[in-house]
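**Q** Below are the structure tokens for one structure; questions will follow.
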Amino acid sequence: MKTISKTIIKTILSTALIGSVLISSASLTGCGEQKPASKSVYLLLDTSGTYTQELAKAQSIMNYLLATLDSGDSIAIARIDSGSFNEKDIIAKTTFDSRPSTTNNQKRVFKQKVDTFVDNLEKGSFRTDITGGILQAADFVNETQAGEKYVLIFSDLEEELQKGHIRDFPIDMQGIQVVALNVTKLRSDNVDPREFKNRLNHWQERVENGGGNWRVVNDLERLDRMFVQN
């Protein structure tokens, strides 16, 4: 009986030791896992002409972003102005705090600012300096040093510059995901459908020549496609 008891005790101790090793191994694996890369997102809003009628859709995009982004992520929303792009065109921007309660408050304030802007927008710009907006957006996402960088363009992609403004130069988009959203067709596109395709090809070429990645998401029911890494 004593021999059996010793055998049982040894078995129990051995099992406990193995369990302890497995738990320690799992803990080390968990500690070694990398956190998801932080995201930095800059959403450019076209507020020119009749495109202002599309801004309700932009609010739904913002709501999706606020629900998706988390602590450590950064977000900014700005209007595409007629030219001389600067800080005054940024509607709201923030980097979310590590504390959930603070992050929730930041999201509430952010949403309020954007909703107020859309509600009070009487008329948009007569010109659209998309290039200037992209330059400022690239600066913002690069400064955050986030692991994933996104520039979202909510526009018909028709750039109309003030006389004398020069934008025909390379844009540095290295490591940035550029996503065109809700690219609507213009009246002229109905006359010549090639114009719509040419606009998309033009911006894709500029982004990719600058080292960035390009895609179009027109189905706003599939906004999860925005964050697919190329």
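**Q** For a quick check: sort Arg225, Arg206 by the number of other beta carbons within 10 angstrom, fewest at the front. Don't skip to the answer; put the middle values down first.
**A** Values: Arg225 11, Arg206 21.
Ranking Arg225, Arg206 by Cβ neighbours within 10 Å, fewest first, gives Arg225, Arg206.
**Q** Please report Leu186, Leu44 as a ranked list, fewest other C-beta atoms within 10 angstrom at the top and most at the bottom.
**A** Values: Leu186 16, Leu44 28.
Final ranking by Cβ density, sparse to dense: Leu186, Leu44.
**Q** Let me ask another. Pairs Lys88/Lys113; Lys88/Lys185; Lys111/Lys197; Lys39/Lys93: which are spaced more than 23 Å apart, C-alpha to C-alpha? Walk me through the numbers on the way to the answer.
**A** Numbers: Lys88/Lys113 14 Å; Lys88/Lys185 29 Å; Lys111/Lys197 33 Å; Lys39/Lys93 13 Å.
Violating the 23 Å Cα-Cα cut-off are Lys88/Lys185; Lys111/Lys197.
**Q** Compute the Cα gyration tensor for the range 51-134, then decide on rounded, prolate or oblate, letting a ≥ b ≥ c be the square roots of its eigenvalues: rounded whenever a/c is under 1.5, prolate when a/b is larger than b/c in the other cases, and oblate in all that remain.
**A** Values: a/c = 2.40, a/b = 1.73, b/c = 1.39.
Prolate, since a/c reaches 1.5 and a/b exceeds b/c.
**Q** Take Leu200 and Gln59, extend 7 Å from each Cα along the Cα→Cβ direction, and tell me the distance between the two endpoints in nm.
**A** Simple spin-label model gives 2.9 nm for this pair.
**Q** When a footprinting reagent is the concern and you count Cβ atoms within 10 Å, what order do Thr103, Thr95 take, fewest first?
**A** Details: Thr103 20, Thr95 17.
With the sparsest Cβ surroundings first, the list reads Thr95, Thr103.
**Q** Checking the cross-link filter: which aspartates and glutamates have an alpha carbon closer than 12 Å to that of Lys149, excluding same-chain neighbours under 8 positions apart?
**A** Qualifying aspartates and glutamates at Cα under 12 Å: Asp73, Asp139.
**Q** Label points 7 Å out from Cα along the Cβ direction at Glu208 and Arg225: separation in nm?
**A** With each label placed 7 Å out from Cα toward Cβ, I get 1.7 nm.
**Q** Moving on to the next point. If you take the beta carbon distance between Glu160 and Lys93 as r and set R0 to 22 Å, what does 1/(1 + (r/R0)^6) give as a FRET efficiency, to the nearest 0.05? Don't skip to the answer; put the middle values down first.
**A** Working: r = 26 Å, r/R0 = 1.16.
Calculated transfer efficiency: 0.30.
**Q** If you don't mind, another one. Between Thr50 and Leu121, what is the label-to-label distance in nm when each label sits 7 Å out along the Cα-to-Cβ direction?
**A** Here the answer is 1.6 nm between the modelled labels.
Values in this text are rule-based calculations from the coordinates and carry no lab data. Only a predicted model underlies this, so the values are computations on that prediction, with no experimental measurement involved. Cβ sites come from the backbone with ideal geometry, for glycine too, and all protein chains shown count toward neighbours.
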